[in-house]
Amino acid sequence: MKRNNLSSFYVSLWLLFTATMLQESAKGKYAQMLFNELFEDYSNALRPVEDTDKVLNVTLQITLSQIKDMDERNQILTAYLWIRQSWYDAYLKWDKDKYDGLDSIRIPSNLVWRPDIVLYNKADDDFSEPVNTNVVLRYDGKITWDAPAITKSSCVVDVSYFPFDSQQCNLTFGSWTYNGNQVDIINSLDSGDLSDFVEDVEWEIHGMPAVKNVITYGCCSEPYPDVTFTLILKRKSSFYIFNLLLPCILISFLAPLGFYLPADSGEKVSLGVTVLLALTVFQLMVAEIMPPSENVPLIGKYYIATMTMITASTALTIIIMNVHHCGSEAKPVPQWARVVILDYMSKIFFVYDVGENCTSPRREKEQEHRLEGGDMCRGGDGKSHLSSRNDDSDLKENLNGNWNKSFGVHGENVRENVNCCSCYKMLIKNIEYIANCVRDHKANRAKGIEWKKVAKVMDRFFMWIFFIMVFFMSVLIIGKAA
């Protein structure tokens with residue numbers, strides 16, 4: 001029983017397979033017959049319309065598959081498209097009942113008439129013919145032609161906000177020889193088809209609206225319709241932020257630190273020049289990928305502003321170093337500089353002499369002057385001279401008293417006392433000379449210390465100024481990305 005059932009199953013399967021093959025064979029036979037009859041007297045050179053005054057409508061649909069390249073420097077967009085065109089051929093119709101219900105056939109596209117729709121803003125040197133893919137021919141005369149194409153179109157690139165820019169690239173399709181009275185183009189959809197788009201690593205697609213235009217050119221009086229697809233692109237800026245912008249921000253924060261370096265280190269100017277050279281390298285990298293346009297990109301403006309700031313900081317560093325190395329030949333610090341810089345700004349920027357602190361700098365300075373001699377080192381030249389003169393007069397009175405006493409008691413030792421007095425006078429002159437030299441040396445040293453403190457205060461002042469400038473510039477450039 002089971003064997004009989006299994007045998008009947010195999011027989012039924014074989015009969016089904018045989019019927020299917022016979023049906024396909026019959027369809028192939030009818031398709032060959034249909035093809036011979038349709039193209040016996042057919043010509044693909046003329047528009048397939050029964051009335052030459054009638055307009056042939058061509059429906060156009062564009063599917064964007066991939067963006068292969070966006071060349072900003074040469075302003076060329078390379079895209080992979082699927083182009084679908086459909087129209088009705090008045091001479092390629094048949095009754096499907098006569099051909100065993102055959103409603104469509106697929107034939108090479110070069111056998112039928114095709115509209116000469118091309119990309120107007122093509123930027124490719126290759127003017128080859130369209131790909132000869134098959135077309136689908138239906139019994140009512142409708143022809144559908146799907147052809148892939150890699151197009152290179154011109155695109156006006158605006159890099160003003162690079163790398164946070166958006167671009168709009170147009171793809172304009174139209175007939176090259178037929179005017180609007182002969183071939184009319186109709187949009188299949190209100191926009192390009194993005195359902196099969198392969199996501200790009202650099203660009204985001206925000207839409208592809210389609211607009212039909214009818215233009216009358218100066219050469220001809222007839223209207224020429226076209227369909228323009230506008231590809232709206234938004235650049236993904238993460239790559240440029242981490243490779244161009246962030247290193248520049250970090251390098252620019254090194255420039256103000258040049259003011260914090262000690263003047264005697266000898267590396268203040270070298271740091272500024274090194275940072276300037278690093279930014280120049282980044283500027284050249286941006287210039288290589290940008291088109292030669294009057295519009296300077298946003299990141300280029302940031303580089304130029306940062307380079308200008310670093311140049312100014314290097315120049316100020318050189319000036320401050322000259323102030324730092326003012327020696328005994330320099331003039332004293334002006335009074336206004338003492339009040340503004342040494343008194344007020346030094347406290348604001350926490351700049352103190354060695355041994356001072358933010359709580360009691362004046363008290364420790366008085367103790368230091370007291371240890372060094374007090375009044376003599378604080379610039380009181382009149383007092384020091386007066387005290388030295390009093391000491392000299394006291395010494396002379398003592399010497400005269402001793403001389404008179406010696407003359408009265410020991411008259412015979414007058415010459416010895418006179419010689420001793422002259423030795424004392426010579427000793428006093430030598431002591432005065434040494435004291436004056438020490439006093440002048442301390443005064444010159446104090447003058448140099450004051451100029452060094454002025455330079456240090458100016459270093460701190462410009463360091464914070466440039467830190468604030470770099471911070472606000474970085475906030476502005478990052479704010480454009482938000």
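The values are calculated or read from the model by the stated rules, or taken from the named source; none is laboratory data. Remember, it's a predicted structure, so these values are computed and weren't measured experimentally. Positions of Cβ are backbone-derived with ideal geometry, glycine not excepted, and every protein chain shown enters the neighbour counts. For accessibility, only protein heavy atoms count, side chains too; no ligands or nucleic acids. Shrake-Rupley method; radii C 1.70, N 1.55, O 1.52, S 1.80 Å.
A few notes on this one:
- Extended-chain gain in nm, criterion 0.36 nm per residue less alpha-carbon gap, Val131 and Glu204: 23.4 nm
- The range 25-142 - accessible surface per residue (Å², probe 1.4 Å): 57
- Using 0.36 nm per residue and subtracting the Cα-Cα separation, the extra length available between Glu294 and Asp53 on full extension is 81.7 nm.
- Taking label points 7 Å from Cα along the Cα-to-Cβ direction, Asp140 and Lys93 give a separation of 1.1 nm.
- Compared with the direct C-alpha span, the chain from Ala287 to His325 gains 9.6 nm at full extension, assuming 0.36 nm per residue.
- Estimated FRET transfer efficiency when R0 is 25 angstrom, pair Thr280-Ser238 (beta carbons, to 0.05): 0.55
- In range of the label at Asn181: residues from the range 219-248 whose backbone nitrogen is under 20 Å from the point 7 Å along Cα→Cβ: 219-226
- The range 144-192 - accessible surface per residue (Å², probe 1.4 Å): 43
- Vicinal HN-Hα couplings computed from phi for the range 174-185 (Karplus, 6.51 cos²θ - 1.76 cosθ + 1.60; Hz; Gly/Pro x): x, 6, 7, 10, 7, 8, x, 7, 10, 10, 10, 9
- The amide H of Val135, built 1.01 Å from its N in the peptide plane, has Ile107, Ser109 as neighbours under 5 Å, considering only residues 5 or more places off or on other chains.
- The simple Förster model, with R0 at 60 Å and r as the Cβ-Cβ distance, assigns Phe471 and Asn110 a FRET efficiency of 0.35.
- FRET efficiency for Cys220 and Phe35, using Cβ-Cβ distance with R0 set to 45 Å, rounded to 0.05: 0.70
- Share of carbon and sulfur in the accessible heavy-atom surface of the range 228-306 [1.4 Å probe, %]: 70
- Pairwise inverse Cα distances across the range 202-264, averaged and inverted, put the Kirkwood hydrodynamic radius at 17.1 Å.
- The portion of the accessible surface of the range 33-106 made up by carbon and sulfur, rounded to a whole percent, is 40 (1.4 Å probe; DNA, RNA and ligands excluded).
- Relative pair counts by distance (%), Cα atoms of the range 184-327, 10 Å bins: 9, 24, 19, 16, 12, 9, 6, 3, 0
- Taking a sphere under 13 Å around the Cβ of Met70 and counting the other residues whose Cβ falls inside, with K and R at +1 and D and E at -1, yields a net charge of -2.
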